[in-house]
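Here's the structure we're looking at; comments come further down.
The values are calculated or read from the model by the stated rules, or taken from the named source; none is laboratory data. Given the structure is predicted, the values throughout are model-derived calculations rather than measurements. We place every Cβ from the backbone using ideal geometry, glycine too, and count neighbours over all the protein chains shown. All accessible areas refer to the heavy atoms of the entire protein, side chains included, with ligands and DNA or RNA removed. Shrake-Rupley method; radii C 1.70, N 1.55, O 1.52, S 1.80 Å.
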There are 2 protein chains.
Amino acid sequence: MSIIVLGTVALDTVKTPFGLRKDILGGSASHFSMSARLFTKVDVVAVVGKDFPKKHIKFLHNKGINLDSLEINEGDTFRWEGKYEGDLNTAHTLHTHLGVLSTFRPAISETQKKIKNVFLANVDPDIQRHLVESMRSPELIGMDSMNFWINTKRKSLLRTLKKVHIFVANDQEARSLTGDTNLIKAAKSLSKLGPKMVLIKKGEHGSIFFCDKFINIFPAYPMEKVIDPTGAGDTFAGGFMGYLSKAGKINETTIRYAIAYGTICASFNVEGFGLEKTSRLTLRDVKKRLAIFKNYIIF
Amino acid sequence: MSIIVLGTVALDTVKTPFGLRKDILGGSASHFSMSARLFTKVDVVAVVGKDFPKKHIKFLHNKGINLDSLEINEGDTFRWEGKYEGDLNTAHTLHTHLGVLSTFRPAISETQKKIKNVFLANVDPDIQRHLVESMRSPELIGMDSMNFWINTKRKSLLRTLKKVHIFVANDQEARSLTGDTNLIKAAKSLSKLGPKMVLIKKGEHGSIFFCDKFINIFPAYPMEKVIDPTGAGDTFAGGFMGYLSKAGKINETTIRYAIAYGTICASFNVEGFGLEKTSRLTLRDVKKRLAIFKNYIIF
């Protein structure tokens, strides 16, 4: 099985108490694919500008990511600049430059249209819907978003939500989309908007999964040192969706394991800047930490 | 086995989005004993004033709590007034009246001095140490505190810490006592100050337990409706210590179950004002919810 992910491939400038990195490879699709690749073949659908360094393309290619639908358009690559302070729980966006992203309309190949697993990482909900509608017979569609779209394109986002099976959101997004401060209520409300399954990520506090058959609640893997949390949510989604794609079936057991794998992949992501850690990750590393994690919550 | 708990028996005035309750029975020892009583005999060591309503004494007595060391002194009962807003995660203290608490020096009976399990709920660390030193041969001593003592009586608190086996703290207390924002680091630091075991409560985000042999991390039991969280931490401690007292031995299995029981007892506490829910609780109710909880985190 393989998975196709629509998202951003970006150049990030990040400042945390542990240092500053300028124009490093980032973006939702990049982070997602670093963890998803451990489980399945990954096709990225994204756009970059002519300024995008060739070494990054080579890097992604060497990681086994299919880049047939990575468009290189006239203009600048999407850039994000942010900083983290104190406990590194909140990203403060300093600057966003959309560049080529503002006119992006993904066009994928006939082969890619037949891929069964789809993840719509955070981009304009119009673009997300456009991709979904071009898929031939998708079996599992996951979707992420962010407050920016909730606030500016709510109607479009709600239309896209109706077309997906799993909505992956962080706690703030779940709250602002539903108006429920209580996350269990928010998850229930979200599941009535289209997606049968809702996964709410709470950063260092773990995650809540809700569907009509069961609930799953995991803490995060405890980290003593967080270097840079940028992309942790996308890495989580990549581990989660990647595992489900590999498993090839959706049931209580595979979903719980998928969440556990997502949790562990995200824990590696925060240990380094950008893709530093996740790009070197092996499934063996992940399984090793998963066993430790399991032992933290067993009784 | 039985347990002796030193703490407050208070009159609370609480305002939450769900209503206002004036002068209801509260205090750390009251909340602790409501959950601990489900597992073991509970002796309360506390003080109230002459104004303390007899109905509350009768109520505690009817719940099977031993009140031989509940002193009734000249003066006013300790009163706390607070309110909760929004997501009810933070208590805003509006007023505190120490009353008889300010001159309290507990004197317990010879029989009580022989009790093996001790919990020092949140009172002046001088008083906590005084009680510990009067115990004949304690086998398990747990301790709680609060920011007020960390800020005003730090040295005394550190002296008391050296005399206990388990330190139970909330995340804010753990951070301000150690200076570590990272909770795993904070737990490690705390375990070097005396207590071999550290249990950090994170409210709606669950708990982290740390000792040199293992780590346990549980989410909280998810609640759709939180009416009044006052005393949830003490109820958690009561379930935790109560279960350990009943188990009669401290090992990985009993500790994990004790934390799970504490988690569940706390979830009932927040469903009503004051002791409304926990006073009607049976071990059967708790076990039923524990089974559901277990299913949330299993994989």
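A few points about this structure:
- Residue in the range A:23-41 that is modelled with pLDDT of 95 or more, more than 18 Å from the chain's Cα centre (by Cα) and assigned to a strand (DSSP E or B) present: yes
- Considering residues of the range A:153-172 that are part of a helix (DSSP H, G or I) and at pLDDT 95 or above only, the residue most open to solvent (accessible area, probe 1.4 Å): A:K155
- Residue check, B:N147 under 24 Å from B:T40 (Cα atoms) and touching a Ser or Thr at 6+ places or on another chain (Cβ under 8 Å): no
- Odd one out for B:T181 among (1) facing another protein chain (nearest Cβ under 9 Å); (2) under 27 Å from B:F39 (Cα atoms): (2)
- Meets criteria (closer than 25 Å to A:K202 by Cα, out of contact with any His (no Cβ under 7 Å at 6 or more places or on another chain) and open to solvent by less than 30 Å² (accessible area, probe 1.4 Å)) for B:A220: no
- The set of residues in the range A:230-253 that are open to solvent by 10 Å² or more (accessible area, probe 1.4 Å) and either without any contact (Cβ under 8 Å) to a residue 12 or more places away in the chain or within 17 Å of A:L283 (Cβ to Cβ) (or both) comprises A:F236, A:Y243, A:K246, A:A247, A:G248, A:K249, A:N251, A:T253.
- Matching residues in the range B:173-214 - criterion: being open to solvent by 20 Å² or more (accessible area, probe 1.4 Å) and β-branched (V, I, T): B:T178, B:T181
- Filter result (within 12 Å of another protein chain (Cβ to nearest Cβ) and among the aromatic types (F, W, Y)) within the range A:260-299: A:Y261, A:F293, A:Y296, A:F299
- Every residue from the range B:119-152 that is assigned to a helix (DSSP H, G or I) and open to solvent by less than 50 Å² (accessible area, probe 1.4 Å): B:P125, B:D126, B:I127, B:Q128, B:R129, B:L131, B:V132, B:S134, B:W149, B:I150
- Each residue in the range A:60-80 was checked for being touching a Phe, Trp or Tyr at 6+ places or on another chain (Cβ under 7 Å) and open to solvent by 70 Å² or more (accessible area, probe 1.4 Å), and 1 pass.
- Put simply, of A:T16, A:T8 the only residue that is within 14 Å of chain B (Cβ to nearest Cβ) and in contact (Cβ under 8 Å) with a residue 40 or more places away in the chain is A:T16.
- Positions within the range B:154-207 being polar (S, T, N, Q) and within 27 Å of A:I227 (Cβ to Cβ), in sequence order: B:N170, B:Q172, B:S176, B:T178, B:T181, B:N182, B:S189, B:S191, B:S207
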